[in-house]
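Structure record follows, encoded as structure tokens.
The values are calculated or read from the model by the stated rules, or taken from the named source; none is laboratory data. All values derive from a computational prediction rather than experimental measurement. Reconstructed Cβ throughout: ideal geometry from the backbone, glycine too, with neighbour counts over all protein chains shown. Only protein heavy atoms, including side chains, enter the accessible area calculation; ligands, DNA and RNA are left aside. Shrake-Rupley method; radii C 1.70, N 1.55, O 1.52, S 1.80 Å.
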Amino acid sequence: MATSAHTIAAPARAKTAAGSATLRRKQGFQHGGWFVAPFLLLFALFVIWPLLRGVYLSFTDANITGEGASFVGLDNYREALDDPLVWESLGHSAYFTLLVVPCITVLAFLLAMLAHHIERAKWLWRLCFFAPFLLPSTVAANLWQWLFNPGTGMINHVFGAETPWLTDKSYAMLAIVITTLWWTVGFSFLLYLAALQGIPDHLYEAARLDGAGAWHRMVHITLPMLRNITGLVIALQILASLQIFDQAVVMMDFLPGPEGSTRTFVQYTLEEGFTSYRVGYASAISVIFFVIIAAVAFARMWLLRNREETAR
């Protein structure tokens, strides 16, 4: 009889415990919701609403005043797809991305390896590598604009050349790439440095006992252990590089560069919206760019998921 009562009481206790857990989750969500609410409100106000408003304007012929806008359907999108400057500016952004991403990934890894293995004044090396990233974009761009100046800049003086960095279309984008590498490598460097510090030392000790040299340790231990962080660095740099704007605009004095060679996609969007006053058309261009950025982000997520499933 006792056994029967115990058997009957056990499900009741389990049901009571499950109900209590559900109640605690609901209470936790209610209390936590008040803490999250200010962020959600600001996010909806400054991100979601402008995004929806931009999508709506892309189907109109709205000007910068916002008055007299009429619905034009897909006309803005058709015009954007036939606009040679859209494809040219997108090509410039893609070209910049192809130059920056590999260079910044390799350079950040090498700097992190140096800062990780150096013995003296580690803090000084880390500060020097990361400090440029703390500068505002306009400061970094103005600094390098002065360095590349053919008359007073130090670059041509040091190398004894008269290279027209900012006035020749063959060098203008390269100057922006160099500026970007110096300015932003610190962020990727910090990610790599943190990942290097997380690799267990016993892996290297075991490799040394097996007679593996420094090169083999890096190839067979360091690089595989940094695979995930390398994928993150590449993804973040692709997304950031495609949206290049500050450096190109400031270094070229708010112009599209020699023969339009540094006009980026974001810059062309702003030109159409705030110079030509075609807000509807600029909104359509920005929506197209948003789709491109979203596609890159989802492709990264898909590749990461497939790699994780393959590893399992």
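Scanning the chain for DSSP H helices at least 27 Å long along the axis (C-alpha atoms) with a Kyte-Doolittle mean no lower than -0.5 picks out 2-43, 84-117, 172-197, 279-311. Fully extending the segment from GLU162 to LEU143 would add 5.0 nm, taking 0.36 nm per residue of separation and subtracting the current Cα-Cα distance. Under 37 °C and 0.692 mPa s, how fast does the chain diffuse according to Stokes-Einstein, given a Kirkwood radius computed over C-alpha pairs? Answer in µm²/s, whole number. Answer, rounded: 136 µm²/s.
Efficiency by 1/(1 + (r/R0)^6): what FRET value for MET154 and LEU255, r their Cβ-Cβ distance, R0 = 25 Å, to the nearest 0.05? Write down the numbers at each step before the final one.
On the way: r = 23 Å, r/R0 = 0.94.
According to the calculation, E is roughly 0.60.
Work out the length of the dipole vector of the chain about its Cα centre, built from +1 on the beta-carbon of each Lys and Arg and -1 on the beta-carbon of each Asp and Glu, and round it to the nearest 20 debye. Working shown, then result.
Values: 20 positive and 20 negative charges, 403 e Å.
Taking the Cα centre of the chain as origin, the dipole is about 1940 debye.
Starting from the Cα-Cα distance between VAL219 and PHE298, subtract it from 0.36 nm times their residue separation and give me the gain in nm to one decimal.
Numbers: separation 79, 0.36 × 79 = 28.44 nm, distance 2.92 nm.
Full-extension gain reported as 25.5 nm.
Nonpolar atom fraction for the chain, defined as the carbon and sulfur part of the 1.4 Å probe accessible area, stands at 69 percent.
Please find the FRET efficiency linking ASP210 to PHE290, where r is the Cβ-Cβ separation and R0 is fixed at 45 Å, and quote it to the nearest 0.05.
Working: r = 51 Å, r/R0 = 1.13.
Plugging the Cβ-Cβ distance into 1/(1 + (r/R0)^6) gives 0.30.
For TYR56 and ARG120, a Förster radius of 45 Å and the Cβ-Cβ distance give a FRET efficiency of 0.15, rounded to the nearest 0.05. Once you mark the GluC sites (Glu not before Pro) that are in a DSSP loop and have at most 13 other Cβ atoms within 10 Å, what is the longest gap between them in the chain? Longest gap between qualifying sites, sites excluded: 163-312. Taking trypsin sites (Lys or Arg not before Pro) across region 88-178, the ones in a DSSP loop with at most 13 further Cβ atoms lying within 10 angstrom of their Cβ are ARG120, LYS169.
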